[in-house]
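In what follows, a structure is listed as structure tokens, so that the remarks can point back to it.
The values are calculated or read from the model by the stated rules, or taken from the named source; none is laboratory data. If you're wondering where the values come from, they're calculated on a predicted model, not measured in any experiment. Reconstructed Cβ throughout: ideal geometry from the backbone, glycine too, with neighbour counts over all protein chains shown. Areas reflect the complete protein model, heavy atoms only, side chains present, ligands, DNA and RNA absent. Shrake-Rupley method; radii C 1.70, N 1.55, O 1.52, S 1.80 Å.
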Amino acid sequence: MKKIIISTIALATLLTTANAAETNGEFFIMGGQNKVSGTAIHNKTYTDGGIGYGFTKYWDNGILAGASLYLDGSGSDEFSYGVDARLGYSYANAGVYGIVSGTGQTLGGSGLNSDGGTTSYGFGGGAGIEYKFDKWAIAGEYKTYSMTSGAVTLPDYTLTTQKLLLKYRF
């Protein structure tokens with residue numbers, strides 16, 4: 001607990017003493033794959049697309065921090081939504097960051113569960129890389145979640161996502 005408190009104070013001091021260079025709102029479209037794997041689920045992969053909105057703040061010292069909300073899905077078989085928090089480092093137009101994320105996912109109509117439309121929730125993390133140019137940015141992200149479902153027919157499982165994002169920055 002003492003380490004967490006000291007780390008939080010150090011991070012807060014670093015972020016509040018740095019001068020902010022820019023803050024950008026971001027609207028993005030994304031595409032990629034969601035892979036579901038677990039005990040009774042046999043490595044089902046969904047190709048999907050989605051939209052989102054967020055912001056990123058870039059400090060003069062290279063630190064970047066941001067958050068976003070998103071919705072994505074692959075038609076009637078799978079639908080996901082979530083929130084991400086990002087913290088990383090940027091240099092010139094490129095940035096790398098770690099992600100902490102929470103998500104919900106509804107699976108239905110695919111034979112994965114007999115309930116059809118059972119929603120699961122999970123918490124996870126990952127990493128991303130982005131490149132900014134003018135009002136646009138392109139990013140790639142990889143995240144993995146430990147998902148929990150309340151349905152007896154759908155056991156806990158792992159969700160892995162790989163996404164390519166095209167961002168409009170304003």
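Confirm whether G140 is open to solvent by less than 50 Å² (accessible area, probe 1.4 Å) and of a type in the set (G, A, S). Here the answer is yes, as G140 does meet what is asked. Could you go through the stretch 146-154 and let me know if any residue there is assigned to a strand (DSSP E or B), open to solvent by less than 50 Å² (accessible area, probe 1.4 Å) and either modelled with pLDDT of 90 or more or touching a strand residue (DSSP E or B) at 6+ places or on another chain (Cβ under 8 Å) (or both). Within the stretch 146-154 (the criterion being assigned to a strand (DSSP E or B), open to solvent by less than 50 Å² (accessible area, probe 1.4 Å) and either modelled with pLDDT of 90 or more or touching a strand residue (DSSP E or B) at 6+ places or on another chain (Cβ under 8 Å) (or both)), the answer is yes, since at least one residue qualifies. Could you tell me whether the stretch 123-142 includes any residue that is of a type in the set (V, I, T) and in a loop (DSSP other than H, G, I, E, B)? No, the conditions are met nowhere in the stretch 123-142.
Identify all residues within the stretch 155-170 that are open to solvent by 20 Å² or more (accessible area, probe 1.4 Å) and of a type in the set (F, W, Y); write none if there are none. Matches in the stretch 155-170: Y168, F170.
So that you can scan it fast, the table gives a plain yes or no per residue for (1) crowded, with 17+ Cβ neighbours inside 10 Å; (2) touching a Ser or Thr at 6+ places or on another chain (Cβ under 9 Å); (3) part of a helix (DSSP H, G or I); (4) modelled with pLDDT under 85:
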position	(1), (2), (3), (4)
T47	no, yes, no, no
L69	no, no, no, no
D84	yes, yes, no, no
L87	no, no, no, no
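Limited to the stretch 127-137, what total is found for residues that are open to solvent by 30 Å² or more (accessible area, probe 1.4 Å) and at negative phi? Total meeting the criteria: 6.
For the stretch 89-115, a tally of residues being modelled with pLDDT of 85 or more and either in a loop (DSSP other than H, G, I, E, B) or open to solvent by 70 Å² or more (accessible area, probe 1.4 Å) (or both) returns 6.
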